[in-house]
1. Would you check which residues across segment 59-79 are in contact with a strand residue (DSSP E or B) (Cβ under 6 Å, 6 or more places away or on another chain), surrounded by 14 or more Cβ atoms within 10 Å (Cβ to Cβ) and not in a strand (DSSP E or B) and list them?
2. Mind listing whichever residues of segment 34-69 are at pLDDT 95 or above and under 13 Å from Ser104 (Cα atoms)?
3. How many residues are assigned to a loop (DSSP other than H, G, I, E, B) and under 9 Å from the mean Cα position of the chain (by Cα) when one looks only at segment 36-58?
4. Applying the selection to segment 91-105, what residues are surrounded by fewer than 16 Cβ atoms within 10 Å (Cβ to Cβ) and touching a Lys or Arg at 6+ places or on another chain (Cβ under 9 Å)?
5. Being polar (S, T, N, Q) and over 18 Å from Leu26 (Cα atoms) is the filter here, so list the residues in segment 86-110 that pass it.
6. Given the condition at pLDDT 75 or above and either within 14 Å of the chain's Cα centre (by Cα) or among the basic types (Lys, Arg) (or both), answer yes or no: does some residue in segment 112-135 qualify?
Amino acid sequence: MSAVCKADKRSFAMTEQRSYQRINFLTEADIAIGNDVYRCDLVDLALQGALFRSEQELPLSLGGEVLLHIYLPETSVKMQFLSELIHHRGNFYGFIFTAEDTESMGHLRRLLELNFGDAKQAEGEFNLWLKRSSPD
């Protein structure tokens, strides 16, 4: 995966995790942990991360890195993000994106734009993400 950004986004995760608007978005997804892949459901999505529901307990601790695959319904589009587990409660797993390819970020940006119904809001969030993701 060619990464657009790989930064220590964890520092923003807890104190500023709600800087980005989340959208409810139910679709199928996979969580790749090492060589094992677990089917799960995406519950909600933001520019910085996502919340997933799994029917089975995942062998993953806080801070664990995974590769997320999110499948857009009724298309062949698959977005993928290197991610870190930042919270876990019951069957719900919250991840922050740590690296993404250009194509996945483009799909995510467009998806958020469509769901916000406001291109300026999506643009503002994307600009905030760019500012936080660029190296100092």
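1. Across segment 59-79, the qualifying residues are Leu60, Gly64.
2. Across segment 34-69, the qualifying residues are Leu67, Leu68, His69.
3. Step one: filter segment 36-58 for residues assigned to a loop (DSSP other than H, G, I, E, B), giving 46-48, 54-58.
Next, from what is left, pick out any that are under 9 Å from the mean Cα position of the chain (by Cα): 46-48.
Residues meeting the conditions: 3.
4. Asn91, Phe92 - these are the residues of segment 91-105 that are surrounded by fewer than 16 Cβ atoms within 10 Å (Cβ to Cβ) and touching a Lys or Arg at 6+ places or on another chain (Cβ under 9 Å).
5. Looking only at segment 86-110, we keep the residues that are polar (S, T, N, Q), and these are 91, 98, 102, 104.
Listed by number, the residues that qualify are Thr98, Thr102.
6. Restricting attention to segment 112-135, the residues satisfying the condition of being at pLDDT 75 or above are 112-113.
Within this subset, residues satisfying the condition of being either within 14 Å of the chain's Cα centre (by Cα) or among the basic types (Lys, Arg) (or both) are 112.
Among the residues of segment 112-135, at least one is at pLDDT 75 or above and either within 14 Å of the chain's Cα centre (by Cα) or among the basic types (Lys, Arg) (or both), which makes the answer yes.
The values are calculated or read from the model by the stated rules, or taken from the named source; none is laboratory data. Just so we're clear, the structure is a prediction, and the values are computed from it rather than from any experiment. Here the Cβ is made from the backbone with ideal geometry for all residues, glycine too, and neighbour counts use every protein chain on show.
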